[in-house]
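A quick write-up on the structure given underneath.
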């Protein structure tokens, strides 16, 4: 094989590798929106619908659903975070209010963000929040504690097979870096 042929083959291989890298980068950027579409179509991932508006309606008193609340702190989040009640029994179509307690044990101001998830995943589409601390970041001063409300209702058209819903919140530390560094010291 001549040196000219080797150079041509190397150029072709380089072009192919550049195309592969460009496709991989484009796919990486497309993954988040594609995943969101996939979850929306399949009902997977247990994401809630965001802010809902409750209109007075007749509740389905013939059904009762148990809603369990769990809280999880990421390892870099030193706050206490827990539901006041770990479980409530609700009727579809009726609005309820529950509270979560949070306390910042550090000597510094910190910012937290709670991310919800549901189990079974498909129940998320029937669970409607009219008010939730999870919609916004929560800022607590050093040693401060809060009782945070969450108001919700469950759609009356939730399938009968769902008699228990677990709502778990994972609390993340989203304190800006300059404040995080002060908290770590």
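No lab work stands behind these numbers, since they all come straight from the coordinates. It should be emphasised that the depicted structure is a prediction, and the values quoted were computed from it without experimental measurement. As a convention, Cβ positions derive from the backbone with ideal geometry for all residues, glycine included, and neighbour counts pool all protein chains shown.
Kindly indicate whether any position in the range 126-134 is surrounded by 14 or more Cβ atoms within 10 Å (Cβ to Cβ), farther than 30 Å from residue 78 by Cβ and in contact (Cβ under 8 Å) with a residue 60 or more places away in the chain. Yes, some residue in the range 126-134 is surrounded by 14 or more Cβ atoms within 10 Å (Cβ to Cβ), farther than 30 Å from residue 78 by Cβ and in contact (Cβ under 8 Å) with a residue 60 or more places away in the chain. Got at least one residue in the range 166-175 being part of a helix (DSSP H, G or I) and under 30 Å from residue 58 (Cα atoms)? The answer is no; no qualifying residue exists. Mind checking whether some residue in the range 85-102 is more than 30 Å from residue 163 (Cβ to Cβ) and more than 20 Å from the chain's Cα centre (by Cα)? No, because not a single residue in the range 85-102 is more than 30 Å from residue 163 (Cβ to Cβ) and more than 20 Å from the chain's Cα centre (by Cα). Remark: residue 144 falls outside the filter, which requires a residue to be in contact (Cβ under 8 Å) with a residue 40 or more places away in the chain, in contact with a helix residue (DSSP H, G or I) (Cβ under 9 Å, 6 or more places away or on another chain) and farther than 22 Å from residue 61 by Cβ.
Once the range 73-84 is narrowed to residues that are under 17 Å from the mean Cα position of the chain (by Cα) and closer than 22 Å to residue 97 by Cβ, the residue that is surrounded by the fewest Cβ atoms within 10 Å (Cβ to Cβ) is 82.
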